[in-house]
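These notes concern the structure reproduced below.
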């Protein structure tokens, strides 16, 4: 079992912006790691406290075949000067590859969170 990290930022606190950003990072995480819905154990999404217009987990339902993947949302702790409008993702998958072979995905302003993991 492996964890795949992802993060992105939403342009605005609007439902469409949150769902679009979440869907883009999910698709990229799945594609870069060759993950299918049946490989996914569950997905945790967190958002910064300035994103309140939509649950990013809803974006999972826009991926064909992902309707039964268990998803959950939570808010990040409000650390001063943290990255605004940030959506973080932790996808747990059944996978036996070594950790160093997992591709973690960071989009938009979130690339600054883990520049050491950007491919």
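The values are calculated or read from the model by the stated rules, or taken from the named source; none is laboratory data. This structure is a prediction, so every number in the text was calculated from the model and none was measured. Here Cβ is always computed from backbone atoms with ideal geometry, including for glycine, and neighbour counts include all displayed protein chains.
Within region 21-42, the set of residues being in a helix (DSSP H, G or I) and surrounded by fewer than 16 Cβ atoms within 10 Å (Cβ to Cβ) comprises 27, 31, 32, 37, 38.
Answer with yes or no whether residue 73 is crowded, with 16+ Cβ neighbours inside 10 Å, in contact with a strand residue (DSSP E or B) (Cβ under 8 Å, 6 or more places away or on another chain), more than 13 Å from residue 6 (Cβ to Cβ) and at pLDDT 95 or above. The answer is yes for residue 73. Would you check if residue 11 is free of Cβ contacts under 8 Å to residues at least 40 places away in the same chain and at negative phi? Taking the combined requirement at face value, the residue does not satisfy it.
Apart from one condition, residue 26 fits all of (1) farther than 17 Å from residue 71 by Cα; (2) touching a residue at least 60 places away in the same chain (Cβ under 8 Å); the exception is (1). Here is the figure for region 43-95: residues that are more than 15 Å from residue 18 (Cα to Cα), touching a residue at least 60 places away in the same chain (Cβ under 8 Å) and in a strand (DSSP E or B) total 4. Within region 96-116, the residues that satisfy the criterion of being more than 14 Å from the chain's Cα centre (by Cα) and part of a loop (DSSP other than H, G, I, E, B) are 96, 97, 98, 102.
With the checklist (1) at pLDDT 95 or above; (2) touching a helix residue (DSSP H, G or I) at 6+ places or on another chain (Cβ under 6 Å); (3) farther than 27 Å from residue 115 by Cβ in hand, flag the one item residue 62 doesn't pass. It is condition (1) that residue 62 fails.
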